[in-house]
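*Asks:* Sharing a structure here in C-alpha cells format.
Computed from the coordinates by the stated procedures, all read-outs in this text should not be read as laboratory data. Please read all numbers here as calculations on a predicted model, not as lab measurements. Neighbour counts are summed over all protein chains in view; Cβ atoms, including those assigned to glycine, are modelled from backbone coordinates with ideal geometry.
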Amino acid sequence: ADGTVRNMVVITGDRHQAYACDLKADFERPDSPTVASEFVATSVTSGGDGADIDDLGRTFLAANPHMKFFSAQRGYIRVNVDKDRWKGDFRVLPYVTRPGAPVSTRATYIVEDRKPGVQQG
C-alpha cells in the first residue's frame with residue numbers, strides 16, 4: 001500500500017474453486033484503494049466434476065464486490081507474465097470423473113503494470 005511494490009499479484013490455491021479478486025486496503029470500505037490482485041486456482045481433480053457457478057459462488061460474488069470472478073469447475077490457471085502485464089487464463093474441464101475431458105479457457109483476467117486490480121481480458 002505504501003507504493004514500494006509497483007503492482008503486487010498473489011497467486012494461491014487449492015480451494016476447489018477459482019477466483020480473481022482485487023485486494024483492498026480496507027475491505028470494510030469497498031471504495032478504498034486496490035493495493036494488489038489475487039488469483040486463486042482450483043484443483044484439477046479433487047472434489048469431483050465441479051460446476052461453473054453454484055449457490056456458494058453466487059453468494060460470494062454478491063457479498064464481495066472486490067471479487068471479479070468465481071468458478072467451481074476443476075482446472076488450473078495458465079499464467080503469462082511480461083514487463084507490461086500479468087495474464088491469467090482460467091482453464092477448466094467440464095468433467096474429471098472419466099477420461100477425455102476437453103480443456104477450455106473459461107475466463108481471462110489481466111493485471112496491467114502500474115494499475116493494481118484485475119480486469120477481464
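*Asks:* Near Q119, within a Cβ-to-Cβ distance under 12 Å, what is the net charge of the other residues, with Lys and Arg +1 and Asp and Glu -1?
*Replies:* Here the charged neighbours net out to +2.
*Asks:* Is the chain rounded, prolate or oblate when judged by the Cα gyration tensor, a ≥ b ≥ c being the square roots of its eigenvalues, rounded requiring a/c under 1.5 and prolate requiring a/b larger than b/c?
*Replies:* Oblate, since a/c reaches 1.5 and b/c is not below a/b.
*Asks:* Each residue of region 15-25 in order: what ³J(HN,Hα) in whole Hz does its phi give by Karplus 6.51 cos²θ - 1.76 cosθ + 1.60, θ = phi - 60°, with x for Gly and Pro?
*Replies:* 9, 6, 8, 10, 9, 10, 9, 8, 9, 9, 5
*Asks:* With a sphere of radius 13 Å drawn around the Cβ of S37, what net charge do the other residues whose Cβ falls strictly inside it have (Lys, Arg +1; Asp, Glu -1)?
*Replies:* In short, +3.
*Asks:* Modelling each spin label as a point 7 Å along the Cα-to-Cβ direction, I'd like the T59/E112 distance in nm, to one decimal.
*Replies:* Once both label points are built, they end up 3.6 nm from each other.
*Asks:* Quickly estimate the mean residue ellipticity at 222 nm for the chain, helices only: each DSSP H run with n ≥ 4 gives -39500 (n - 2.57), and the total goes over all residues, rounded to 500.
*Replies:* The helix-only estimate for the chain comes to -2000 deg cm²/dmol at 222 nm.
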